[in-house]
1. Considering only residues that are over 19 Å from the mean Cα position of the chain (by Cα) and either exposed (fewer than 12 other Cβ atoms within 10 Å of the Cβ) or part of a helix (DSSP H, G or I) (or both), which ones fall in region 80-96?
2. If you take the residues in region 2-17 that are at pLDDT 95 or above and loosely packed, with under 10 Cβ neighbours inside 10 Å, which one is nearest to Ser200 (Cα to Cα)?
3. Restrict the check to region 60-69 and report whether at least one residue is assigned to a loop (DSSP other than H, G, I, E, B) and either within 19 Å of Asn147 (Cα to Cα) or among the small types (Gly, Ala, Ser) (or both).
4. So for region 155-165 (the condition being in a loop (DSSP other than H, G, I, E, B), within 30 Å of Arg106 (Cα to Cα), touching a Phe, Trp or Tyr at 6+ places or on another chain (Cβ under 8 Å) and modelled with pLDDT of 95 or more), does at least one residue qualify?
5. Scan region 68-79 and tell me whether some residue there is surrounded by 20 or more Cβ atoms within 10 Å (Cβ to Cβ) and touching a Cys at 6+ places or on another chain (Cβ under 6 Å).
6. Taking region 97-115 as the search range and keeping residues that are of a type in the set (A, V, I, L, M, F, W, C) and under 24 Å from Gly139 (Cα atoms), which one is surrounded by the most Cβ atoms within 10 Å (Cβ to Cβ)?
7. Can you run down the residue pairs with Cβ atoms below 8 Å, 6 or more apart or on separate chains, where the first is in region 76-93 and touching a residue at least 40 places away in the same chain (Cβ under 8 Å) and of a type in the set (A, V, I, L, M, F, W, C) and the partner is in a helix (DSSP H, G or I) and crowded, with 18+ Cβ neighbours inside 10 Å?
8. Quick one: in region 97-145, of everything that is among the charged types (D, E, K, R) and not in a helix (DSSP H, G or I), which residue is farthest from Thr59 (Cα to Cα)?
Amino acid sequence: MSLPQVVSRGEWLAARSALLAKEKEMTRARDVLSTQRRELPMVRIEKPYELQGPNGAATLDDLFGRHRQLIVQHFMFDPEWDDGCPSCTAAADELSQGLLSHLGARSTSFAAVSRAPLEKIESYKQRRGWTFPWYSSFGSDFNYDFNVTIDSAVAPVMFNFRTLDELEPVGLGWLGEGSSEQPGYSSFLRDGQDVFHTYSVYARGCEMLGGSYYFLDMTALGRQEEWEEPKGRADDPREATPDFSA
C-alpha cells in the first residue's frame, strides 16, 4: 500500500480544511437521517415470542428489564455451530460495561439473541468472558420474523428489506437456497403493556455502530439530551456534550 503524499504544512492545512467541510456535510446529513429514523412509524408486536435465558423462559418484554427501550443484536449462531459468527464476535468484543451503562442511563436495555440452543450460547459466552444478556430463540419464530434466519422453506426470503426477486440481480440469489444466518440489530419501544418494533438494520448498516450515541440513534427516543435521570440514582455517567458541528 502506497503512503500519502508528503507536502508542506500549508498544503496539508488547505487539504485538511477542504476535507473538514465534507466531514461537516456528512455530520449534518447524519443528524437529519437520525431525525428521520426517530420519526419512523412503529409496529405493535402481537406474537408472544418465548426465548430462553439463564433464568429460564423469557418474553420479549422481559428483555427490557425496567427500561423503556430495547436494542437486540441478532448474533449469528446456527444451532449446528459450536462457535458464534466471527464478525458478530468481534462486535460483541467491543461491548463494554460503560457503553451498556450509558444506554441504561437513557432507559435502554441491550441483549443479544441467537438461534443456537442456550447451552451452546452459555458455553461460548463463558469462553469469551462476556457478561451482557444473551438469549436463545431456538424453537421460536423470532429469527425468521426479523429476517436474520433466511430459509425459504420456513418463510418468504427477505433480506435487508429486499425480496428474493430483488436480491437476485445484485448477486444474492443464493439466499433462496437452504438456510443461512444473517447479522442485524433491531430496536423496540415499550409503551404501557405494549411492545413495538421501531427499527432494524442489516448488512453493512451494522458497521455504522460505535459508541452509545450510535446505538441510541437507532432507537425511537434517540439520544434524549433533555432526559433527566430519576431521583435517587447516583450512577449516571453522562456529561454535557458541546456541539462542534458549526
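1. Of all residues in region 80-96, those over 19 Å from the mean Cα position of the chain (by Cα) come to 80-83.
Glu80, Asp82 - these are the residues of region 80-96 that are over 19 Å from the mean Cα position of the chain (by Cα) and either exposed (fewer than 12 other Cβ atoms within 10 Å of the Cβ) or part of a helix (DSSP H, G or I) (or both).
2. Only one residue tops the list, namely Ser17.
3. To start, the set of residues in region 60-69 that are assigned to a loop (DSSP other than H, G, I, E, B) comprises 60, 65-68.
From what is left, the residues that are either within 19 Å of Asn147 (Cα to Cα) or among the small types (Gly, Ala, Ser) (or both) are 60, 65.
Yes: region 60-69 contains one or more residues that are assigned to a loop (DSSP other than H, G, I, E, B) and either within 19 Å of Asn147 (Cα to Cα) or among the small types (Gly, Ala, Ser) (or both).
4. No - not one qualifying residue is present in region 155-165.
5. Within region 68-79, the subset surrounded by 20 or more Cβ atoms within 10 Å (Cβ to Cβ) is 69-77.
Narrowing the set further to residues that are touching a Cys at 6+ places or on another chain (Cβ under 6 Å) leaves 75-76.
The answer is yes, given that some residue of region 68-79 is surrounded by 20 or more Cβ atoms within 10 Å (Cβ to Cβ) and touching a Cys at 6+ places or on another chain (Cβ under 6 Å).
6. Of region 97-115, the ones of a type in the set (A, V, I, L, M, F, W, C) are 99-100, 103, 105, 110-113.
Then keep just the ones that are under 24 Å from Gly139 (Cα atoms); that gives 110-113.
On the way: Phe110: 21, Ala111: 21, Ala112: 23, Val113: 26.
Per the stated criteria, the residue is Val113.
7. Met76/Cys88; Phe77/Cys88; Phe77/Lys120; Phe77/Ile121; Phe77/Tyr124
8. Within region 97-145, the first condition is being among the charged types (D, E, K, R), and the residues that meet it are 106, 115, 119-120, 122, 125, 127-128, 141, 145.
If we keep only those that are not in a helix (DSSP H, G or I) as well, we get 106, 115, 141.
Values: Arg106: 22, Arg115: 15, Asp141: 13 Å.
Only one residue tops the list, namely Arg106.
The values are calculated or read from the model by the stated rules, or taken from the named source; none is laboratory data. The structure presented is a predicted model; accordingly, all values stated were derived computationally and were not measured. Ideal geometry is used to build each Cβ from the backbone, glycine not excepted, and the neighbour counts take in all protein chains shown.
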